[in-house]
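J.: Okay, handing you the structure first.
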Amino acid sequence: MTATTTAAAAIARSYRDYDRPLWQRVLLTREMAIIALVVLVSVVAAATVRGFGQPITVTYLLLDVMPILLIALPMTLVMITGEIDLSVASIVGLSSVLTGVLTAGGLPFEVAAVVALVAGAVCGAVNGFLVTVVGLPSLAVTIGTLALFRGLAVGLLGTTAITDFPDFWTDLAKARVGGSNVPVVLFVFLVLLVVFIVLLHFTPFGRGIYAIGLSKAAARFSGVHVERTKFVLFVLAGTISALAGVFYTLRFGSARGDNATGLELQVIAAVVLGGVSVFGGRGAIHGVIAGVLLIGVLSSALRLANVTSDVINIITGALLVLSVVATSFLAWLRKRRKAPGGTPRIEASTAG
Amino acid sequence: MSDTPRMTADTPPAPAATPPMLELENVAKSFGAVVALRSGSLRLERGSIHALIGENGAGKSTLVKIVAGLYRRDAGDFRLNGESVDFGSTAQSKAAGIAVIYQEPTLFPDLTVTENVFMGRQPVGRFGRIDRKAMRAEVEQLFARLGVGIDPDRPAEGLSIADQQVIEIAKAVSLDARVLIMDEPTAALSGVEVDRLFQIARSLRDEGRALLFISHRFDEVFALCDTVTVMRDGAYIATTPIGETTVDGLVRQMVGRDVTDLFPKLPAEIREPLLEVEGLSSPLFHDISFTVRAGEIVGLAGLVGAGRSEVARAVFGVDAYDEGTVRLGGRAIPKNRPDAAMRAGLALVPEDRRKQGLVLESSVARNVTLAIRETIAKAGLITSGMENRAAKEWASRLEVKTNALSTVAGTLSGGNQQKVVLGKWLATEPRVLIIDEPTRGIDIGTKSEVHRLLSELAGRGMGILMISSELPEVLGMADRVLVMREGRITAEIDRDDATSENVMFAATHAQGAHQ
């Protein structure tokens, strides 16, 4: 227990970097569990579902989950700070419509797409302003802007669709590298993936993101720009959502006001499944990617096995609930083992 | 209530003819391989205030948690009024008439004082309605008995910690608790508040209740308690009537050695002014001006609520202020910018270590390097390796007791948590350190380590502004004492002239102290 001061001084203290060996830190994590599950489901599906093992399935799977993969990147960061952005799918819709309307109006597609990206950034800035400057809860703000941005999208284009886009771009959205099954857009995603992994896990900015999620006060007292960080993240979420919107438009060759309706829930489900806490402070990018892929692989395999989409929804929903319950159950178990009946607050005061 | 609180504290414990109200004998408790309590013993008599002292980690809290029903003991006897008991939950302990009042009470901030007192057992009128009148009347009666002047209808939000504790005590009394355990109740209290708490404690004792008082402050133990039990390293050491022991004797029992100097402040050469604050005003404080020079420890004394922490936070830029300037080394620090203050060479070890000082759920390494994350990054990138290197240096310099740098900060003891916070701020290599309650709630060994460290830092030319509610600490450490009262600096007293009396006087009276 308590060593006396003099005794402590006499013993030259050495500190280990970690209290668990490397393999435990790498393997015994929630992220690894999800990755293992992705591998397991893929192997089982490849063996049992006719057609799942075909290379073309991989291509379509990646193209299908691409918008979710893209938006999950900034959503992870937003949620680690303890906030949430429910308006992402509406921004996808709005940027899709803007791209379509501007292209139809005679602007070159490239210019229209850039305008759509800027609009996405502005949408994110609106969210960020309301959350960080006005001080409203992000849940309420983004439920509001979910309706607002979707309303703008539908208002701009009505119920019609614009389908006239340059072939070069629509082909590129579906193109594969050489003769392989790897879609070209995957490289765009991989670049963004590296950027976000570095941003979250290897920069002081990323350290600030975690600190904000775990203790806003301690972060502020340590010189972290709490509000500025959150603002930047909302703008990022808006911009990447707009990028996903442009991709969505090209892939289906159709700009519609109701494009990607409900996508925000799929994104958030994947992020939570991947190990990000809705209370903030916890999660890692690799887990989130695995979460997105798990949902993608599962629904793709089930669809090929002629399971109806209702049942697919039920299964992914149940999986999500299960993963959240499992996490809290494991945390509870760990706590029970350490200090039966003790609450963390009191527990901390005894450790000596 | 008793209008004549007994000021002498040499009342002997009640004769042990009847069984004691609460008795623990050789109680043990382990968590896995960690032995938290080896052999704890305690006898609480009716109508007596009993002190329980010991360093952090001595097993006091574990003992209390067994009594409170939070933990189950592994071995030993636990008797209440001579009958063996075994609590499986806090509810059972409460039902048996035991109430524990923690250092930081947990009231419902949006409910009124009255509602808080009756939380979970509101008197019910006709049709299952909550009988607000009855509740209100009982609270008024209770407060009158305890001599408390808190408005029963105000929300709990914004009440001082002292008032919150009083509400917890009122709750306990209304439940007719026979045994009251107060875990470091005075840690966050100012002098006047402590006096009020003691008055209440004495009147409860005179009603025949048994009180257990856990404290790190000897003056309070001697002023209030009848008997004192010392614990060390998870075991019972001794129980002594207060009249038969001395501070030195208790300290020896606690640490198993002599502590020669509790407050070592070495003389240091005081040089150029570093931190210059001029005319700082906000709704919480008015016209605050002072200077901290290199090599100097300036003590900022005053009652809790006098605005000391608020000034510190404004100077560091965590809170905004309306008027005035803050300069460091002659250069102005912009307001409301903690990052700019840090870059200018200012550091703040905040008052609330668990909320403001640490990210409790984060590792020691991440905590130590949070404030220097930008300076240790290379080309804008930071890795765990860089963090661990920096953290290792500061953890070993401050002798933080932990095995691994990945240990979650919240699981460390209070003293070690404070060392982590200190390390975090010293790592920024500040020119001026503002430290708010440097030793609140930490054990005596760590306390003198912290004092030695502060003295050493001043010796090396750092300017230190030390906010403290412990007078001996202020008097022992500070070269100069500033006293605040109701948002204003009411006195500035040099080390040689500072006494408990004149500091206390300036903290409580507006007149008589020079401006």
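J.: Any residue at all in the range A:317-327 that's at pLDDT below 80 and within 14 Å of chain B (Cβ to nearest Cβ)?
T.: No.
J.: Please find, among A:Val195, A:Val154, the residue that is in a helix (DSSP H, G or I) and closer than 18 Å to A:Ala237 by Cα.
T.: Of A:Val195, A:Val154, the one residue that is in a helix (DSSP H, G or I) and closer than 18 Å to A:Ala237 by Cα is A:Val195.
J.: Same structure again: Among the residues of the range B:333-359 satisfying the criterion of being within 19 Å of B:Ile161 (Cβ to Cβ) and without any contact (Cβ under 8 Å) to a residue 60 or more places away in the chain, which is farthest from the other protein chains (Cβ to nearest Cβ)?
T.: Restricting to residues being within 19 Å of B:Ile161 (Cβ to Cβ) and without any contact (Cβ under 8 Å) to a residue 60 or more places away in the chain, the top hit is B:Asp352.
J.: Ok, one more. Here's a check for you: in the range B:401-418, which residue that is within 8 Å of chain A (Cβ to nearest Cβ) and of a type in the set (A, V, I, L, M) is farthest from A:Arg25 (Cα to Cα)?
T.: Filtering first and then ranking leaves B:Leu412.
One line per residue, one yes/no per condition, for (1) at pLDDT below 90; (2) in the same structural domain as B:Glu393 (by TED's automatic domain parsing); (3) farther than 27 Å from B:Ile376 by Cα:
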| site | (1), (2), (3) |
| --- | --- |
| B:Gly410 | yes, yes, no |
| B:Ile434 | no, no, no |
| B:Ile444 | yes, no, yes |
| B:Lys447 | yes, no, yes |
| B:Leu453 | no, no, no |
| B:Glu456 | no, no, no |
| B:Leu471 | yes, no, yes |
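J.: Take the range A:214-250 and flag every residue that is more than 11 Å from chain B (Cβ to nearest Cβ) and over 21 Å from the mean Cα position of the chain (by Cα).
T.: A:Leu250, the sole residue that qualifies.
Residue-by-condition table, conditions (1) surrounded by fewer than 24 Cβ atoms within 10 Å (Cβ to Cβ); (2) polar (S, T, N, Q); (3) in a helix (DSSP H, G or I):
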site: A:Met75; (1), (2), (3): no, no, yes
site: A:Leu86; (1), (2), (3): yes, no, no
site: A:Gly93; (1), (2), (3): no, no, yes
site: A:Val101; (1), (2), (3): yes, no, yes
site: A:Gly106; (1), (2), (3): yes, no, no
site: A:Arg150; (1), (2), (3): yes, no, yes
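J.: Next up: Take the range B:367-386 and flag every residue that is facing chain A (nearest Cβ under 7 Å) and either surrounded by fewer than 20 Cβ atoms within 10 Å (Cβ to Cβ) or among the charged types (D, E, K, R) (or both).
T.: Hits for the range B:367-386 are B:Arg373, B:Glu374, B:Ala377, B:Gly380, B:Leu381, B:Thr383.
J.: How many residues, within the range B:70-80, are buried (at least 16 other Cβ atoms within 10 Å of the Cβ) and in contact with a strand residue (DSSP E or B) (Cβ under 8 Å, 6 or more places away or on another chain)?
T.: Number of matching residues: 6.
J.: Here is a follow-up. Hey, B:Gly330 hits all of (1) at pLDDT 95 or above; (2) surrounded by fewer than 18 Cβ atoms within 10 Å (Cβ to Cβ) but one; which does it fall short on?
T.: The failed condition is (1).
For every residue, the table says whether it meets (1) over 21 Å from A:Gly281 (Cα atoms); (2) touching a residue at least 24 places away in the same chain (Cβ under 8 Å).
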| site | (1), (2) |
| --- | --- |
| A:Val154 | yes, yes |
| A:Gly158 | yes, yes |
| A:Thr163 | yes, yes |
| A:Asp167 | yes, no |
| A:Ala175 | yes, no |
| A:Val185 | yes, yes |
| A:Phe189 | yes, yes |
| A:Ala219 | no, no |
| A:Val235 | no, yes |
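J.: Within the range B:117-176, which residues are crowded, with 18+ Cβ neighbours inside 10 Å, of a type in the set (Phe, Trp, Tyr) and part of a helix (DSSP H, G or I)?
T.: B:Phe143
The values are calculated or read from the model by the stated rules, or taken from the named source; none is laboratory data. It should be emphasised that the depicted structure is a prediction, and the values quoted were computed from it without experimental measurement. Glycine gets a Cβ as well: all are built from the backbone with ideal geometry, and neighbour counts include every protein chain shown.
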